[in-house]
């Protein structure tokens, strides 16, 4: 244990110090083909030392395991294990380059799931037994219960369902995180009762994950910090989208469809969503609340600006700078933030009840309002559906954003027909690009198409889209959703064949 | 009022008998361009006399109105108004031949919505003001509150939101329906509280719709019975699907993933869904409960067979024979049935909590597990998404059924890519055809494709589907969701062009 950080003060019962071991010895406990649950939701709160040691072992011994996490995690987990050839199946979300590449070449079976559903299905035994949970912790209580760190994800369920638990105590995570978590694991039906959250900040559970010493197979010290993800600078497109959305929300307040402090906000991961949230800093809105899965830097800005009442999230997924700022001002932020399991943060019961305004990112949207948020040209997965489906369908208002073009204009994000659909026309109230915002509520498909082309499409593609719509109207004699099936996916095919969706001469 | 049925005994305060009038006089109150909400959910519990009179007036005066209902309704409403040219916009669901034809030729704007969402959006003012609600009732209480009939749908919200209410008292509906309803209208966020239902049969509200005499503009007597829909005889395909599903559920019970009495069942409208329910009559299951939007004849069979604990529904949508049977044994059935508003019967909060097993019908499913339940060849709408999306996403187990072929084999219900998607791969746990059942839980897209082709596709199309899958695997080098975009919708195009999806010689 030379050079290992001292975690003695973080273990609540000194009798169990004997469980402290090296990452290598903990990794040696895993059996080939085991199903292993790992903590983590976005690159925060995931174990690092044990997965790195496990990857090294797998490089020598050549075996594979099935990996569950809360959502995406850092490269020390997904990247290292994938490069070692150690993952056969992966659930329920990812965003790692190497993993993505292996999924898109048929080498890893990937099960892309609604994040609220996975813990319930795990408890119901839909995926068989979980051998180990490997869990990042800030500390262990005197009873062997777990004080988590900067994300909760599916960890409570993994700990309750796994045969044994390996706890990785990360000394880069302040002990003062304790008290920020609110852990409530619903019973499975038919024994489930209402989740008693009526406001984003309501606390309904315990501040630690029930585990107990008997279940803990090993305790491993770790001093590797979360990688974090640097956020891109807020560009002009993101600023424009932020403005459109804030203007739209102001108008809804004026009409009486939203209260002065809006309704709890959810915003997806990424620079655009972060920009929208950052933009609220300078808006007229106050007393805002957030009911989301990921807290990004923009939300710290909102807290600092005195705009926030409460934030409910399952992960503190700040940039490296954001993390420093968060840890430095932990007592001030702690009072504003509740960290929940993803089964609660993403639960349709609570989302529908609170009336969440969801703001998520699209890869592409079609003229009728369907959204693809996961697959490029319908085949290659980027990340997955993640929590967007949990939020969009149950929300009060569902907003999707995307810049109107990608690849310097070679791709139009507004297409005749999405090449893959994650969010159907029924789940999309508003589409927003830097060009403008289309409020689709109460419109028929043909009305939606005209509005999306006019308000959201890039001028470069507007004529081409109008041409498709007009030809489809004619070909189908104004069917409910006019399409020419031969041409519906031709934009994507043209991009694959020629490198651009642009038609050289329309109608040919 | 010559020949009008006597409704005196159904009006709780004789002082207000002066409100009784003719259908024509009530219909004369509607203004051109009004937004009118009508009771009804499936062809039951909808007003008939006033819509028929309104249609006659519109034939002479030539104007249009916007029509909201709970879901589909009978021909006296949708059919008559459409044939008179009287509907400009229609929300949120329909299943009428004439209306469908007008929607598919661009003459009526149709807004196809999740049924649980519509009442909330109506209350929030997303669609502007509602001038009138026209509501079928069994009786009016002494305070002018409404005892509904055989469906609740969105009626409570229409009554609360409309400026004025026209009550159509239908004497074909027994007064003994009183007490069967459970009316609970949630507050809008941020004031909403948990919906306190923990068992399918829990009663949480009032047995009448709050209205009051001041809001009632007219009371109209009506003696036209609901049309009802005759159910097709249960054919061999439906019997086979019922067997596959019951076998699957038995296996889940054996594995401990479901309790002995299953979890509350939902089944969509139609003969296949009805056959599945009927099949349960002869199964080992007892103490079943149902949490659904539509009660069909099969559920009366289940009650008669002593298999049912409680049924929660928003509509009693029996065949004409079923209705006779239901009314004749009302006291016996009443104890077993709770009629709720669609905002509650279809609420994701309750569906997720109870762990509903949803069984819905697909028009087509693709090899990756996406489902089209609304549009033929991607363009012409049949009915709409209805409640299927509310149930499928929030359910514990989501099952979709379809016969493997249609039009005597000219159409394969299993296709390379759905021509329209209502339910994404993430919302479909099981696909069942008469050929067999594919349990898709925990499988990657390529694994799903192999299983669906093997278990569900018709033998006639199996080779052609395998060929598509193999070519897509090769063309994309095993991408996450292999597709050849040029060919993905070619089956539908071939059907349009040649009358069959069958390839004469594959690969050409």
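Pull out the extension gain between residue B:261 and residue B:31, defined as 0.36 nm times the separation in residues minus the alpha carbon to alpha carbon distance; nm, one decimal.
Taking residue B:261 through residue B:31 to full extension adds about 77.6 nm, to one decimal.
I'd like the orientation of helix A:459-475 relative to chain A: the angle between its Cα long axis and the longest Cα principal axis, in ° from 0 to 90, rounded to 10.
The angle comes out near 70 degrees.
Over region A:111-253, what is the mean sequence separation of C-alpha contacts under 8 Å (at least six apart), divided by residue count, expressed as relative contact order in percent?
26
For region A:103-158 and region A:361-404, what is the centre-to-centre distance using only Cα atoms, to the nearest Å?
24
Which residues in region A:267-286 place their backbone N less than 19 Å from a point set 7 Å from the Cα of residue A:406 along the Cα-to-Cβ direction?
Once the point is set 7 Å along Cα→Cβ of residue A:406, A:268-276 turn out to lie under 19 Å by backbone N, inside region A:267-286.
Under 19 Å from a point placed 7 Å out from the Cα of residue A:321 along the Cα-to-Cβ direction: which residues of region A:259-278 have their backbone N that close?
Within reach of a label on residue A:321: A:270-278.
Kindly express, to the nearest 10 degrees and within the range 0 to 90, the angle between helix A:49-61's C-alpha long axis and the longest C-alpha principal axis of chain A.
90
Applying a 10 Å radius around every beta-carbon, put A:447-455, B:362-370 in order of their mean neighbour count, most first.
B:362-370, A:447-455
Checking the a/c ratio against 1.5 first, then a/b against b/c, what shape does the Cα gyration tensor give for region A:74-141?
Oblate, since a/c reaches 1.5 and b/c is not below a/b.
Taking each residue of B:117-127 in turn, how many C-beta atoms of other protein chains fall within 10 Å of its C-beta, and what is the average?
Details: counts 8, 0, 0, 3, 6, 0, 1, 9, 4, 9, 2.
That average works out to 4.
Antiparallel DSSP bridges in the protein assembly as shown: what percent, to the nearest 5?
25
Cut-off 14 Å, label point 7 angstrom out along Cα-to-Cβ of residue A:475: give me the residues of region A:414-454 whose amide nitrogen falls inside.
A:416-418
Taking 7 Å along the Cα-to-C-beta vector as the label spot, tell me the residue A:230-residue B:192 distance in nanometres, rounded to one decimal.
Result for the modelled spin labels: 4.2 nm.
In peptide B:435-442, how many Cβ atoms from other protein chains are near each Cβ within 10 Å, on average?
For peptide B:435-442, the averaged partner shielding equals 2.
Of the DSSP beta bridges with both residues in region B:8-222, give the percent that are antiparallel, rounding to the nearest 5.
For region B:8-222, the DSSP antiparallel bridge percentage is about 15.
Can you list the copy-to-copy distances for residue A:174, using a point 7 angstrom from Cα toward Cβ, in nanometres, shortest first?
For residue A:174, the other copies' label points sit at 6.9 nm, shortest first.
Full extension from residue B:24 to residue B:254: what is 0.36 nm times the residue separation minus their Cα-Cα distance, to one decimal in nm?
76.8 nm is the gain from fully extending residue B:24 to residue B:254.
From the label point of residue A:256, set 7 Å from Cα along Cα→Cβ, how far away are the matching label points in the other copies, in nm, ordered shortest to longest?
For residue A:256, the inter-copy label distances come out at 5.6 nm.
Relative contact order of region B:236-497: what whole-number percent is it, with Cα pairs under 8 angstrom and at least 6 residues apart?
RCO, region B:236-497: 17 percent.
Quick check: from the Cα gyration tensor, does region A:8-222 come out rounded (a/c under 1.5), prolate or oblate?
Oblate.
Restricting to chain B, compute how many DSSP beta bridges are antiparallel as a %, nearest 5.
Here the antiparallel bridges make up roughly 25 percent for chain B.
Can you give the helix-only mean residue ellipticity at 222 nm for the protein assembly as shown, where every DSSP H stretch with n ≥ 4 adds -39500 (n - 2.57) and the sum goes over all residues, rounded to the nearest 500 deg cm²/dmol?
That comes out to -8500 deg cm²/dmol.
For residue B:473, place a label point 7 Å out from Cα along the Cα→Cβ vector, do the same in each other copy, and report the separations in nm, one decimal, smallest first.
Inter-copy label distances (nm, one decimal, shortest first): 4.5.
Helix A:271-280: angle to the longest alpha-carbon principal axis of chain A, degrees 0 to 90, nearest 10?
Value to nearest ten degrees: 90.
Taking 0.36 nm per residue of sequence separation and subtracting the Cα-Cα distance, how much length would be gained by fully extending the chain between residue B:304 and residue B:203, in nm to one decimal?
34.1 nm
Please report the relative contact order for chain B, taking Cα pairs under 8 Å with a sequence separation of at least 6, and give it as a percent rounded to a whole number. Don't skip to the end; give the middle numbers.
Numbers: 1207 pairs, mean separation 68.2, N = 508.
Across chain B, relative contact order equals 13 percent.
Please average, across the residues of B:193-205, the number of beta carbons from any other chain that are within 10 Å of each residue's own beta carbon, and give a whole number.
2
Computed FRET efficiency, Cβ-Cβ of residue A:214 and residue A:88, R0 51 Å: what is it to the nearest 0.05?
My answer for the efficiency is 0.95.
With just the Cα atoms defining each centre, how far is region A:52-81 from region B:12-50? Give it in Å.
Answer, in whole Å: 66.
Rounded if a/c is under 1.5, else prolate if a/b beats b/c, else oblate: with a ≥ b ≥ c from the C-alpha gyration tensor eigenvalues square-rooted, which is region B:292-389?
Prolate, because a/c is 1.5 or more and a/b exceeds b/c.
A short reminder: the numbers here are calculations on the coordinates, not readings from a lab. If you're wondering where the values come from, they're calculated on a predicted model, not measured in any experiment. Cβ atoms come from the backbone with ideal geometry, glycine included; neighbour counts cover every protein chain shown.
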